[in-house]
Amino acid sequence: AQIQARLGSDVAMCLDICPPAGVSTAELEQAVRRTTLWARRQRASARSEGQLVFGITQGADHPELRRRSIQEITALDFDGYALGGLSVGESRPRMLETVAWAAPLLPAGKPRYFMGIGDPEGILTSIERGIDLFDCVLPTRTARTGSALTWSGRLNLRNARFTRDPDPLEEDCGCPACVRFSRAYIRHLVTQEEILGLRLLSLHNLWFVLDLTARARAAIERGTFTAFRRDALARLAHVPEEEP
């Protein structure tokens, strides 16, 4: 709490214990109990001016413990709330099923934050289930493998078919990579292990995710999110490319 206050971050997150998938109920209960104790301490700690503090709920996909954690953390009246302890090794259907029943238990008038999901399909599905905020290393980690997120699916720039491709990573994308450079040039940077290639892909992937969420927000405001999600998932569906 003191470090985050000194840093002056816009949002400070409470310290929590995030067990991996498959731990015993006893270990899960201990994580919930200690997470609540730490949240109470941080709630009473000083924060920097204008800083928001979010509480983190734990409990994995255990219905009783997740509900208990949500009840205890929301009782502390934080500025927002996170679903922690998911996307840590459990199956994707199980994860999304838990989000579907757990997210509505968080206060509707405050931000709901899903910690650890960042793929386009997962973001859209989580929004449908009531989630507002996300964080994940996926955009930059995908870039470090030499791949770009696009509305046609992922592009593996290491593939030989991009060697002389003059097109940008994504048509009509306004990111620095697409405005100035071709797929062929970025592929050259990646295959020659030039750090600029990974930086350009990181910028593009972050731009893509921000654009995706901006479009989702606009669709929500228009009352057309269900149709937007359906059409977006259809566009994003693709067959993974073979490695070169």
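All of the numbers you see were taken from the coordinates with simple rules; none came from a lab. These numbers come from a predicted model, not from an experiment. Positions of Cβ are generated from backbone atoms using ideal geometry, with glycine treated the same way; all protein chains shown enter the neighbour counts.
Please flag any cysteine in the chain that has no other cysteine's Cβ under 4.7 angstrom from its own Cβ.
Cys14, Cys18, Cys136, Cys175
Explain nothing, just the number: dipole magnitude of segment 2-136 about its Cα centre with +1 on each Lys and Arg Cβ and -1 on each Asp and Glu Cβ, in debye rounded to the nearest 20.
460
If one takes the longest principal axis of the Cα atoms in the chain, at what angle in degrees, from 0 to 90 and to the nearest 10, does the Cα axis of helix 63-74 lie?
Tilt of helix 63-74: around 80 degrees.
Any idea what the dipole of the chain comes to, in debye rounded to 20, about its Cα centre with Lys/Arg Cβ at +1 and Asp/Glu Cβ at -1?
With only Lys, Arg, Asp and Glu charged at Cβ, the dipole is about 340 debye.
Set Lys and Arg Cβ to +1 and Asp and Glu Cβ to -1, take the dipole of the chain about its Cα centre, and tell me which of Phe162, Gln30, His188 lies farthest positive.
Of the options given, the answer is Gln30.
Please give, to one decimal in nm, the separation of the simple spin-label points placed at Ser45 and Arg199, each 7 Å out from Cα toward the Cβ.
Each label point is offset 7 Å from its Cα along the Cβ direction, giving 3.4 nm.
Would you mind ranking Cys175, Cys18 by Cβ crowding within 10 Å, fewest neighbours first?
Cys18, Cys175
Just one of [x] 7, 27, 29, 24, 12, 2; [y] 7, 30, 34, 20, 8, 1; [z] 6, 23, 34, 24, 11, 2, 0 is P(r) over Cα pairs in 10 Å bins from 0, in percent as worked out from the coordinates here. Which one is it?
[x]
When DSSP assigns beta bridges and you keep just the ones with both residues in the chain, what percent turn out antiparallel, to the nearest 5?
Percentage antiparallel, nearest 5: 20.
Based on other C-beta atoms within 10 Å, arrange Leu210, Leu201 from fewest to most.
Leu210, Leu201
Which of Gly80, Gly22, Gly50 moves the most in a Gaussian network model of the chain with Cα springs under 10 Å?
Gly50
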